[in-house]
Amino acid sequence: MIKIAPSLLSADFSRIVEQMALVERAGADYMHLDIMDGHFVPNLTWGPKIVGDLRKHSALTFDAHLMISQPENYVDDFRKAGADIITVHYEACIHLQRLLVHIRSLGAKAGVSLNPSTPVELLQDVIEDVDLILIMSVNPGFGGQAFIPNALKKLREARALIDAHNPACELEVDGGIGRSNIADVVAAGANVIVMGSSIYGAADPAAELPALRDLAEAPLGAGAR
Ligand code: DX5
Ligand code: ZN
């Protein structure tokens, strides 16, 4: 089954609870929360307090994508705020394996994300310690960027690694995904699809989300859901 994870980054921040409820009603699986620190990426979003405040207004799985330096200093706070999946960047972690074990010990799912220039093979020695691999198909920091086609190759490599060593691990892809390429990322092995501008930028986001899901599941054939 394909999971759709709308990214709040492209929502209207002045109406954030309403914008979150809109995608929940439209059948979103995860709420993707982009955490940016102005250091690991050249943009700023929000910290644990807003995640905790949003938590009171949604039953969705909170999928926190930490684009921050020294994530080890913040994972406890994001877990306390209600993040269900905590994904850290490979490039931001000196002691990645220790941090992944720690995230799991907090009762969250542990994710690791790769920038476009970071090879999948670097995950070989932590594959059993992860619940989710996030392949970035843009350089992180902003919504609305163009999809980098090499991500399809990386998804196929990650899918092979997962199938061989940790079949329960989820494979998420993030950046530049919409109607034109959602079937391609699914065919390459992704099962969690993050989308910001293609959902929140649509004329009718509540109709666009199920339309995107149908396109995602088409390559899987009947009975995919
Ligand atoms: C980018 C973020 C993405 C972003 C995707 O750094 O990690 O989650 O919201 O936005 P779109 O779907 O517009 O590329
Ligand atoms: Zn993201």
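Quick check on segment 1-129: of the DSSP beta bridges with both residues there, what percent are antiparallel, nearest 5%? List each step's numbers first, then the result.
Numbers: 1 of 18 bridges.
For segment 1-129, the DSSP antiparallel bridge percentage is about 5.
For the pair segment 1-35 / segment 169-192, the C-alpha centres are spaced 17 Å from each other. Pop out the Kirkwood hydrodynamic radius of the chain from its pairwise C-alpha distances, inverse of mean 1/r, in Å to one decimal. Evaluated on the chain, it is 17.2 Å. Can you bin segment 25-86 into rounded, prolate or oblate? Criterion: square roots of the alpha carbon gyration tensor eigenvalues sorted a ≥ b ≥ c, rounded for a/c under 1.5, prolate for a/b above b/c, oblate for the rest. Note, shape of segment 25-86 comes out prolate.
If you take every DSSP beta bridge whose two residues both sit in the chain, what share of them, in percent to the nearest 5, is antiparallel? Write down the numbers at each step before the final one.
On the way: 1 of 34 bridges.
Bridges in the chain that DSSP calls antiparallel: roughly 5 percent.
Which of rounded, prolate, oblate describes segment 74-196, given a ≥ b ≥ c as roots of the alpha-carbon gyration tensor eigenvalues and a/c under 1.5 marking rounded, otherwise prolate only if a/b is larger than b/c? Prolate is the answer for segment 74-196, as a/c is 1.5 or above and a/b outweighs b/c.
Pairs 80/153; 109/153; 49/154; 109/154; 3/154; 49/109: which are spaced more than 29 Å apart, C-alpha to C-alpha? List each step's numbers first, then the result.
Numbers: 80/153 36 Å; 109/153 25 Å; 49/154 34 Å; 109/154 22 Å; 3/154 19 Å; 49/109 20 Å.
Over 29 Å Cα-Cα: 80/153; 49/154.
Mean separation of Cα pairs under 8 Å and 6 or more residues apart, divided by the residue count, gives segment 3-223 a relative contact order of 19 percent.
Quick note: the coordinates plus some simple rules give every number you see, no bench work behind them. As the structure is a computational prediction, the values presented were derived from the model and not from experiment.
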